[in-house]
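Structure first, commentary second.
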Amino acid sequence: MNCISCFSSPKSKKDSSFRGDCSHRSPAHPIKYKPPAKKENLEGENENVEAEAFTFRELAASTKNFRQESVLGEGGFGKVYKGTLQSTGQVVAVKQLDRNAVLGNKEFPAEVARLSRLQHPNLVNLIGYCADGDRRLLVYEFMPQGSLEDHLLGKNAQGKPLEWVTRMKIACGAAQGLEYLHVKTNPPIIYRDLKSSNVLLDEQLNPKLSDIGLDKLDPRTDKMPMQSRAMGTYGYSAPEYSRSGRLTPIADVYSFGVVLLELITGRRVMDTTKPVEEQNLVAWAQPIFRQPRSFPEMADPLLKKQFPERDMNQAVGIAAMCLQDEAAARPLMSDVVTALSFLSMAKNDHSDPSNLPPSILSKLQLQECSDDESDHDDCDNDDDDHGNSSRSSSCFMVY
């Protein structure tokens with residue numbers, strides 16, 4: 001078996017350009033996206049606002065007067081309704097924002113203009129808005145396959161469970177969306193609230209991140225103490241974010257690690273129906289991260305063991321790196337995208353890890369380890385000798 005040292009040290013990460021360049025990725029990658037050469041500048045007002053202005057009457061008509069039967073879901077900022085625009089026949093998702101938590105008549109359209117400039121295949125497209133009196137609504141493209149949470153834990157999971165490669169494609173697409181926000185926008189955007197219910201799926205089960213930048217529409221956040229205005233969902237938030245409210249892009253990496261763990265295990269992030277020691281998904285997984293031979297046992301039972309064991313081990317290793325308690329020990333999203341791009345491709349053979357694309361080998365340094373348990377222990381001890389709290393590399397096995 002091989003021993004994978006997953007990512008570079010914090011020092012090497014600091015020296016990297018943090019550019020998330022996608023040009024080196026394999027042409028077989030399922031998501032065809034080439035990011036712009038320059039960062040998209042979101043500062044200042046955009047004269048060519050792409051978001052369309054709707055009247056309240058138009059949106060009320062599209063949602064049948066916001067009837068309960070049209071409700072798609074409800075989040076922290078208000079309910080979301082399925083609607084059909086009468087002018088074009090386009091099916092949309094209309095989010096009706098809380099009247100007490102939105103910007104004024106001048107600021108709201110300007111902020112929506114900023115958000116409308118976020119264009120990426122893995123972000124839900126903002127179509128338009130309504131600022132009618134004290135009413136504030138946002139109009140998004142409709143995502144017919146619902147959320148990732150629906151497919152992993154809802155009724156869709158039992159009907160037709162997501163296959164392994166599909167799960168890795170979803171993980172890679174979500175990672176690319178985060179990479180775009182962290183690297184390709186100026187100033188960088190921190191998602192804050194990544195979770196499986198915010199990862200929406202289109203007809204082909206391509207993932208798109210929803211509710212980007214909604215915190216910017218709440219005028220109260222700038223007046224709150226840092227800790228009070230922390231957003232996020234329990235179980236998904238990075239430890240340092242939960243403690244202090246201090247927010248950096250690397251906090252999103254932790255949340256992504258939780259979503260990846262959900263994709264691997266099919267477990268809820270918090271599940272009070274399980275034994276106490278298994279109720280918190282991350283707490284349950286942490287001890288197993290040091291038992292590489294147990295990685296396949298973490299797999300969602302609905303997969304029925306239909307996955308390449310080597311790929312499973314690598315996916316668990318990536319999740320473990322993202323879920324490091326120390327923020328400095330986590331990889332950048334560009335590193336995560338690079339690693340997941342290989343796992344998201346369907347492979348009919350059992351190729352050796354040495355056949356990974358060169359860009360991945362530059363991040364995943366392969367070291368030869370013997371098959372006996374003593375050498376495995378030596379690998380663990382080697383980590384301890386160097387102080388694992390100050391390193392971003394950790395030893396995971398690939399069989």
Checklist outcome for this item: Looking across segment 40-77 at residues that are crowded, with 19+ Cβ neighbours inside 10 Å and modelled with pLDDT under 90, the single one that is nearest to the chain's Cα centre (by Cα) is F77
Item to check | Positions within segment 253-288 being under 23 Å from F342 (Cα atoms) and without any contact (Cβ under 8 Å) to a residue 40 or more places away in the chain, in sequence order | outcome: T265
Checklist entry - In this structure, does A339 turn out to be at pLDDT below 95, of a type in the set (G, A, S), in a helix (DSSP H, G or I) and under 30 Å from R246 (Cβ atoms)? => result yes
Checklist entry - Quick check, is Y254 buried (at least 20 other Cβ atoms within 10 Å of the Cβ), at pLDDT 90 or above, part of a helix (DSSP H, G or I) and within 16 Å of the chain's Cα centre (by Cα)? => result yes
Next on the checklist: Could you go through segment 288-295 and let me know if any residue there is modelled with pLDDT of 95 or more and in contact with a Ser or Thr (Cβ under 7 Å, 6 or more places away or on another chain).
Outcome noted: yes
Checklist entry - Looking at A328, A319, A299, A315, which is the one that is among the small types (G, A, S), over 20 Å from G266 (Cβ atoms) and surrounded by 14 or more Cβ atoms within 10 Å (Cβ to Cβ)? => result A328
Checklist entry - Which condition does T272 not pass, out of (1) at pLDDT 95 or above; (2) out of contact with any strand residue (DSSP E or B) (no Cβ under 7 Å at 6 or more places or on another chain), if it passes all the others? => result (1)
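Conditions tested, residue by residue: (1) over 23 Å from the mean Cα position of the chain (by Cα); (2) assigned to a strand (DSSP E or B).
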residue	(1), (2)
G89	yes, no
V92	no, yes
P109	yes, no
R114	no, no
I127	no, yes
C130	yes, yes
R136	yes, yes
V139	no, yes
H151	no, no
Checklist entry - If you take the residues in segment 138-158 that are at negative phi, in contact with a helix residue (DSSP H, G or I) (Cβ under 9 Å, 6 or more places away or on another chain) and of a type outside the set (A, V, I, L, M, F, W, C), which one is surrounded by the fewest Cβ atoms within 10 Å (Cβ to Cβ)? => result Q158
Checklist entry - If Q306 satisfies every condition in (1) out of contact with any Ser or Thr (no Cβ under 9 Å at 6 or more places or on another chain); (2) part of a helix (DSSP H, G or I); (3) touching a residue at least 40 places away in the same chain (Cβ under 8 Å) but one, which is the exception? => result (2)
Item to check | Among (1) outside the structural domain of T233 (by TED's automatic domain parsing); (2) crowded, with 22+ Cβ neighbours inside 10 Å; (3) basic (K, R) - the single one K208 does not satisfy | outcome: (1)
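The values are calculated or read from the model by the stated rules, or taken from the named source; none is laboratory data. Note that the structure is a prediction, hence the values are computed from the model and not measured. Counting neighbours? That spans all protein chains shown, and the Cβs are built from the backbone with ideal geometry, glycine included.
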